[in-house]
1. Using Stokes-Einstein with the Kirkwood hydrodynamic radius over Cα pairs, what translational diffusion coefficient do you get for the stretch 29-114 at 4 °C and a viscosity of 1.567 mPa s, in µm²/s rounded to a whole number?
2. In the stretch 1-60, which chymotrypsin sites (Phe, Trp or Tyr not before Pro) fall in coil by DSSP and have 12 or fewer other Cβ atoms within 10 Å?
3. Can you list residues whose amide H is under 5 Å from residue 41's amide H, if they're 5+ apart or on another chain and H is modeled 1.01 Å from N?
4. Please identify every one of the GluC sites (Glu not before Pro) in the stretch 21-119 that sits in a loop by DSSP and has no more than 11 other beta carbons within 10 Å of its own beta carbon.
5. Note the per residue figure in Å³ for the convex hull of the C-alpha positions in the stretch 148-289.
6. In whole Hz and in residue order, list the ³J(HN,Hα) couplings for the stretch 229-237 that follow from phi through the Karplus curve 6.51 cos²θ - 1.76 cosθ + 1.60, θ = phi - 60°; x for Gly and Pro.
7. Under a point-charge model restricted to the Cβ atoms of Lys and Arg (+1) and Asp and Glu (-1), what is the dipole moment magnitude of the chain relative to its Cα centre, in debye to the nearest 20?
8. With an 8 Å Cα cut-off and a minimum separation of 6 or more residues, compute the relative contact order for the chain in percent.
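Where a number appears in this text, it was derived from the coordinates with a stated rule and is not lab data. Everything numeric here is computed off the predicted structure, so don't read it as measured data. Positions of Cβ are backbone-derived with ideal geometry, glycine not excepted, and every protein chain shown enters the neighbour counts.
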Amino acid sequence: MDKLLIFSGNANPELAKDISKFLKVKVSNALVGRFSEGETRVKIDDNVRGKDVFIIQPTCPPTNDNLMELLIMIDALKRASAQRITAVVPYFGYARQDRKDQPRVPITAKLVANLLTVSGAHRVLTMDLHAGQIQGFFDIPVDHLFAVNVFIDYIKSLKLKDLVMVSPDVGSIKMARSYAKRLGVPLAIIDKRRESPEKTEALHILGEVEGKNAVMVDDLIATGSSLIEGVGALKKAKCKSIRAAISHGVLSGPAIERIDKCKDLEELVITDSIPLSSEKRHPRIKVLSVAELLAEAIKRIHWEQSVSCLFD
């Protein structure tokens, strides 16, 4: 492991430290800051020539700052003659802009994929992309991990009877089905119509949820409108209890306020792919670590071993 180096930007240094502990290596030294005029400043302090380098940097809010840090770090490492550079992006920002759903709008997820490739990254390691086809936007190898086993271990520990997995919309059916299959429980789907990017209206529920303990699963929560609408629909359908397991806790805008007011939501479980700031902490929000999952993937990539076993 003497050729493996871990670097971190300012997006999620705690996750980088946790990953390094599992790998039993130290986070390498790098200056990642700002010049007086606001430009991103990067200086790699350790020798990286001929090394296998992994940069831990989710492109979470502030998205543009964290993305620029990642791109500039990749460029600095490339010019310092690193043998291979892997961008470890647990949360891939701009993922929701993955298609032209309106006239004259960009496909920003593709643009970001191009930027990472041109900057010098040799491969990307990410987790629970908003849309799996984003992997095809890259011209370099992409290892796409899933947090499903992390959540399932926690759900099993709750020992809930009459459990049902719920997809909050049609786009999350595949994810919800994978949870239901692994747990051996039924699946329900909330049919909804989105009125705007911030507001949704739940219509009706496909599947039997009355008297059951429901767990909604999704890839990310931003403002929380979809989650709250789903909780309301499940409560009307007479669910016994309602929880949510969501991979990426963006929690922007009024999300925390909405969660606080929604007493019918017993618990929101997220991962540490995005750091949860002190002002966003809430007694009904639980954070699970994906550091071990990412560390195992990094180790396997370094040793040129299969990563697919992590999907089992």
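1. 91 µm²/s
2. Of the chymotrypsin sites (Phe, Trp or Tyr not before Pro), the ones in loops of the stretch 1-60 whose Cβ has at most 12 other Cβ atoms within 10 Å are 35.
3. Result for residue 41 returns 33, 34, 35.
4. 37, 39
5. Taking the convex hull of the Cα positions in the stretch 148-289, it is 98 Å³ per residue.
6. 4, x, 4, x, 5, 5, 5, 4, 7
7. In total the dipole reaches around 340 debye.
8. Relative contact order here is 14 percent.
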